[in-house]
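Quick notes on the structure that follows.
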């Protein structure tokens, strides 16, 4: 059986860190120990600021752990699409910032001596089945207008199977994301920064000073950075501008030398993505709106079938995992001052499938903003921007989100908890309430309110990930109802339940 965990988790332990045990004051408090949070803390600590990082689990236990380690200035949403929404200058800034992010990662790896398998390599964008060459022509022209003059149209990618014509993006990158974050954490500590794990930020308050409540303790700071993938400090701001999507990944061994060490992506929607780590072929895709599909096990099977058709030398799948990406309506991350908040509260969200470069961009941009320095990327990534040209897509996503509240009016997934198999979950209606019921491997039942504590949407069971996922704004909870992804910042509420018999 494949391990249901990311390959990075299995190959790189993170540095140990303990919980916050006393009130603390720093120049900047960073909430979130993924690439955006640690990159921000690294740059600030290197600039001489006192920094505290808070993570509510083990270090780097969130979505950075679920990435595939691609580092690219090839935008998932296409430069020609971005240009239609933001104009020619915007795509130049986008290309420059993502290129700079890869360069900065390389600089940090060299400066700090981080052994994280960082490498520069070519990336190839090839046509999905049924797509037309015109897509590549448009993207090639837009990439050149964005300043990426060395992008070129080639006859095929260097795989054994014929991809057909594709765009070659030179000098992309890949690395081991957890080894890199471990190196960042060590550097932050050497610079005097402090990192606290298992320290849940219950509440964030802007002002002078800013306050972060962590259980019985408080962290005060001149600035607060919320880098939790999805902001936990906003009730509505930003959540209506982006939508959550699940994406899935498999990893299987291939004979040494049988697959070239390049990155690749197709033009599908959802698209597929490919990389190699030593002899492990990593293939991802099969995205869907979070909480709005119930066939995640089939998604893994679809990925395997797609990969085996192109890489018949694949051995059995060893790893399988899923992650969540936030898709902004206008394709760009939100990095900067938190809208409708005090000037000293900053956010980073909306990775749009480009989390590693967007997170690195956040580290550079937020450091400049906090230090009062000008940054040419500030306007493009401003969380306060109004995506007028993306109004149609924004309206569709908002209507989709609003439609999810009709789940309050429907019945449950099952009529009785007796229908729930071991290590599985389902929604049960009990009077006016909807209950999220999980039956563990021993047969015991665990019940929580199915209403997401963020804005009350009914969560849905994700059988492939054994999680409860909110179809409105992307909050996710483990099988027992513990929050693992915002914007919800607390667990599913417990409920009173009648006695149930243990499954036979």
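Note on 379, 241: ascending count of other Cβ atoms within 10 Å places them as 379, 241, the fewest first. Approximating the spin labels as points 7 Å out from Cα along Cα→Cβ, the residue 441-to-residue 480 distance works out to 1.4 nm.
For residue 432, put the label point 7 Å out on the Cα→Cβ axis and report which residues of region 451-485 keep their amide N under 11 Å from it. Answer for region 451-485: none. For region 43-188, the Kirkwood hydrodynamic radius from C-alpha pairs, put into Stokes-Einstein at 37 °C and a viscosity of 0.692 mPa s, yields a diffusion coefficient of 190 µm² per second. Only Cα pairs under 8 Å and 6+ residues apart enter the sum, and on that basis the relative contact order of the chain stands at 18 percent.
Calculated FRET efficiency, residue 107 and residue 261, Cβ-Cβ r, R0 30 Å, to nearest 0.05? My answer for the efficiency is 0.85.
Which percent, nearest 5, of DSSP beta bridges in the chain are antiparallel? Counting DSSP beta bridges with both partners in the chain, the antiparallel share is about 75 percent. Give the distance, in whole Å, between the Cα centre of region 319-382 and the Cα centre of region 234-277. Using only Cα atoms, the two centres lie 19 Å from each other. Per-residue ellipticity at 222 nm from helix content only, as computed over the chain with -39500 (n - 2.57) for each DSSP H run of at least four residues, stands at -7500 deg cm²/dmol. Projecting label points 7 angstrom from Cα along Cα→Cβ for residue 496 and residue 424 puts them 3.1 nm apart. Of the listed values [x] 50, 22, 20; [y] 33, 30, 23; [z] 43, 34, 18, identify the label whose number matches semi-axes √(5λ) of the Cα gyration tensor in Å calculated from this model. Entry [y]. Extension gain, residue 47-residue 416: 0.36 nm per intervening residue step, less the Cα-Cα distance, totals 127.0 nm. When only alpha carbons are used to place a centre, region 200-228 and region 93-154 end up 36 Å from one another.
Here r is the Cβ-Cβ distance between residue 22 and residue 120 and R0 is 30 Å; the resulting FRET efficiency, rounded to 0.05, is 0.10. Looking at the P(r) of region 410-485, how many percent of alpha-carbon pairs lie beyond 15 Å? Here the tail beyond 15 Å accounts for 48 percent of pairs.
Quick note: the coordinates plus some simple rules give every number you see, no bench work behind them. Since this is a predicted model, take the numbers as computed values, not measurements. No Cβ is skipped: glycine too gets one built from the backbone with ideal geometry, and neighbour counts run over all protein chains shown.
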